[in-house]
Amino acid sequence: MTVTGQDTHEGRALRGLTDDDASVRLRAALETGTAPDPHYVDPLVERCAVEPEFFVRDMLTWALTRHPVTLTLPVLLVELRSERTQARSQALHTLSKIGDRRAWPAITRAFLTDADDEVARSAWRAAAVLVPEGEEPALAEVLATQLGRGELETQLSLSRALVALGEAIGPALLAATTAPDPRVRAHALATQRLLRDPDAGFTFAIEEAKRVVALGGTGQEGR
């Protein structure tokens, strides 16, 4: 009778992950994280690839972090090869939340420069968390190639990832302040500002940097 009860409990939770009602899916994700079970890992990862609601995806990720990394890591690494952009993005996002550095080799330059903003942003966050000690300057050089990319939200994500690397980003940012593209120069200056003053608002920093660039400056004068 106990086994049957467990099977029913598991089955109800798994069915809930695909319910039409987002609130039901949210509760099911919460349930799978509250009472982890190896049978939940594959369905949770599969649901991450197609779940349309951000708040449900966030709970799915949390549920996966509640399971042993020995179960989740291999599945997530396979998911990185999916043809679905959301599958790759969510797998990267979940790897950043798990924080196991064995995933570092999977965070390739291809992900860091992916044409899809959501995939790239997730890769930036994961890289900033998983980068091994001593490899920060090399990572900063790759991330710096993405400066000036996208809209404000995307640029903020990149700046945060760079700032998380600390002083190792100095040379890459300095080089970017003299790039031909004014968007790159402005983004580099704004990121420098955030590195010096983490409490500075990014919108203010980027607008200030744009004014400096428009006036023909590099932000390095007088230093």
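Only the coordinates and a few stated rules stand behind these numbers; no lab work does. Because the structure is a prediction, the values reported are computed rather than measured. Neighbour counts are summed over all protein chains in view; Cβ atoms, including those assigned to glycine, are modelled from backbone coordinates with ideal geometry.
A few notes on this one:
- Helix 2-16 axis, angle to the chain major axis (alpha carbon atoms, nearest 10°): 40
- Folded to 0 to 90 degrees: helix 54-65 orientation relative to the chain principal axis, Cα: 70
- When the trypsin sites (Lys or Arg not before Pro) in the stretch 12-104 are filtered for DSSP coil states and for at most 16 other beta-carbon atoms within 10 Å of their beta-carbon, the remaining sites are 66, 81, 84.
- Crossing angle, helix 69-79 versus the chain [Cα axis fit, 0-90 degrees, rounded to tens]: 70
- Take the Cα of residue 77, step 7 Å toward its Cβ, do the same at residue 24, and the gap between the two points is 3.7 nm.
- The local environment of residue 132, defined by Cβ-Cβ distances under 13 Å, has a net charge of -2 under the rule Lys, Arg +1 and Asp, Glu -1.
- The chain: relative contact order as a whole-number percent, Cα under 8 Å and 6+ apart: 11
- Extension gain, residue 110-residue 85: 0.36 nm per intervening residue step, less the Cα-Cα distance, totals 7.7 nm.
- Kirkwood estimate for the stretch 131-217, i.e. one over the average of 1/r between Cα atoms, Å: 12.6
- Exposure proxy for 23, 82, 89, 96: other Cβ atoms within 10 Å of each Cβ, ordered fewest to most, give 23, 82, 96, 89.
- Listed residues 180, 132, 36, most fluctuating in the chain (Gaussian network, C-alpha, under 10 Å): 180
- Selected from 202, 55, 111 as most flexible by GNM, with the chain as the system and alpha-carbon contacts under 10 Å: 55
- Ranked list, fewest to most other Cβ atoms within 10 Å of each Cβ, for 17, 64, 215: 215, 17, 64
- Distance histogram in 5 Å bins (all Cα pairs of the chain, percent per bin): 1, 7, 14, 16, 15, 12, 10, 9, 6, 4, 3, 1, 1, 0, 0, 0
- Calculated mean residue ellipticity at 222 nm for the chain: -20000 deg cm²/dmol, from DSSP H runs with n ≥ 4 weighted as -39500 (n - 2.57), summed, divided by the residue count and rounded to 500.
- Ranked list, fewest to most other Cβ atoms within 10 Å of each Cβ, for 54, 204: 54, 204
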